[in-house]
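The values are calculated or read from the model by the stated rules, or taken from the named source; none is laboratory data. Since we're looking at a predicted model, the values are computed, not measured. Don't worry about glycine lacking a Cβ; one is built from the backbone with ideal geometry, like all the others, and counts go over all protein chains shown.
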Amino acid sequence: MIRREMEAAAKEVAVLELPLGDAAETFSLEKAVCSHGLFMMAPNRWDPLTRTFSRPLRLIADLEGDASLSVMVRISHHSRALQVLVYGHSALSPEHESSLMHQVRRMLRLTENDESNMRGFRKMCEEMRASEVVRNFGGRVFRSPTLFEDMVKCILLCNCQWSRTLDMALALCELQLELQHSSSNLSGSEASVKVAETAEAKTEGFFPKTPSLKEAKRKRVRRMSGTNLSGKFTDIEQDLKVDVTTKIEGVENVENGSCLQETDRYASNSSSTNNGFIESGNQRSCQTLNESCEVDHCFDKIGNFPSARELATLDESFLAKRCNLGYRASRILKLSQGIVKGKIQLRQLEEMCDTQNFSSYAELMEQLKEIDGFGPFTCANVLMCMGFYHAIPTDSETIRHLKQVHAKSSSLQTIQRDVEEIYGQYAPFQFLTYWAEIWNFYEQTFGKLSAMPYSDYRLITASNMRTKKGCRNKRSKPI
């Protein structure tokens, strides 16, 4: 009965159109989506066969952290416009339509500021006679529909293997669905308790078989300044001895940019761990935009990415255990609570991006550093998501890249100087130039990432990145 009702609801589709305007000449949905590892993280889903992008979006994207009804949307590229299908609704109010279009523009970098940056980047490429790799990159780097989701995902990117990052994002989306179902009959705090009780029996089999490599070591590492790259080259075999069940207590606030290590020997089978939106029991990609495919999207057993208000009232130990977040649970909770209480003003932060200059960048950097757990690497990544491209977040992957692509041997002490020496000439688009090279390297290694099935995303590991001499690289990440 329930399935028939959902199938009936799935037949209701509102069709929205987003004109591309001046961006139509250069815009590619495929390039705009498949340009950063964020596109691989739940609840995002790129279909390589139909070249469409799907995910849930909120009817009202509230910057103060409130949750609203989520709808599944599918985005496709049609000549000079994007078509946005909204499932479960035959019509939308002007307010809801405007909110959805705002989120689509943000994800795909179609705002006025983004267009200005794209024109500047293309002009710089011409003047600098940039390489074909840089010219073909396009300059649009995928991001989330909201700043809050970007901030949380930047936390998930650090100090763990890429497969675990994917699992944590997926777990948060599954949790959001559980909270949504529980809150329909209970208050917020009661819903949290109910979800915790029902999830307790599931957690033992839920955790991915990925060791929490760095977390136990965080107890005895003191906070480092600068790029916080300390410990990145610690013996991998020693790291792998740490068990996933290790308790993380009294964690020092230390940030480390290494977000992907050797994982293929330890990654769990994707078919058993990627339930929900990524696997969802529906193993095929939709061949066409037909009715059956539309219904399939409604049956993906996953929610939206949780809002700040949905997370703020949760118990820290429950969140850490349910989503295998480790020390990240505390940071995500404090971020969520700060937003809900008004201590962290996302709207104010977004408005400061309207004037993208070094002064606003410095001010934003200082404000982000005040947030618990936001070190230089995380802050730089968040600011990149906000549209600042002159700073390059440096980590062990940067050192690997400079050595393999530029034959430059860097160290923790010299990496900032070396990056400025190589990419300073491309100001104010140093990051876009650097990222074009990084992304090209991944595609040379793993093939075209937009053609990769989502079940293979976890195969992007450091152990699969080998030099021409067959040497195994140091730790690296695919974002």
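Things to note:
- Filter result (modelled with pLDDT of 95 or more and assigned to a loop (DSSP other than H, G, I, E, B)) within the stretch 140-166: 140, 141, 142, 143, 144, 145, 146
- Among the residues making up the stretch 89-144, those that are in contact (Cβ under 8 Å) with a residue 60 or more places away in the chain and among the charged types (D, E, K, R) are 97, 105, 109, 114, 115, 122, 140, 143.
- Under the condition of being touching a residue at least 24 places away in the same chain (Cβ under 8 Å), out of contact with any Lys or Arg (no Cβ under 9 Å at 6 or more places or on another chain) and in a helix (DSSP H, G or I), the residues counted in the stretch 320-345 number 9.
Residues are listed down the side, and each one gets a yes or a no for (1) more than 26 Å from residue 51 (Cβ to Cβ); (2) touching a Phe, Trp or Tyr at 6+ places or on another chain (Cβ under 6 Å); (3) surrounded by fewer than 17 Cβ atoms within 10 Å (Cβ to Cβ):
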| position | (1), (2), (3) |
| --- | --- |
| 386 | yes, no, no |
| 405 | yes, no, yes |
| 410 | yes, no, no |
| 417 | yes, no, yes |
| 450 | no, no, no |
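- Contact annotation: residue pairs with Cβ atoms under 6 Å, 6 or more positions apart or on different chains, pairing a residue in the stretch 450-467 that is aromatic (Phe, Trp, Tyr) with a partner that is surrounded by 15 or more Cβ atoms within 10 Å (Cβ to Cβ) and modelled with pLDDT under 80, are 454/278.
- Restricting the stretch 347-384 to residues that are hydroxyl-bearing (Ser, Thr, Tyr) and closer than 13 Å to residue 113 by Cβ, the residue that is surrounded by the most Cβ atoms within 10 Å (Cβ to Cβ) is 360.
- If the condition is being out of contact with any Leu (no Cβ under 8 Å at 6 or more places or on another chain) and surrounded by 24 or more Cβ atoms within 10 Å (Cβ to Cβ), then the stretch 160-170 contributes 163, 164, 166, 167.
- Residue 197 vs. criteria more than 23 Å from the chain's Cα centre (by Cα), modelled with pLDDT under 95 and more than 19 Å from residue 25 (Cα to Cα): yes
- The set of residues from the stretch 303-318 being touching a residue at least 40 places away in the same chain (Cβ under 8 Å) and surrounded by fewer than 24 Cβ atoms within 10 Å (Cβ to Cβ) comprises 303, 309, 312, 313, 315, 318.
- Qualifying residue in the stretch 92-112 (condition: over 22 Å from the mean Cα position of the chain (by Cα) and more than 26 Å from residue 306 (Cα to Cα)): yes
- Within the stretch 47-94, considering residues that are among the charged types (D, E, K, R) and touching a Leu at 6+ places or on another chain (Cβ under 8 Å), the one nearest to residue 344 (Cα to Cα): 64
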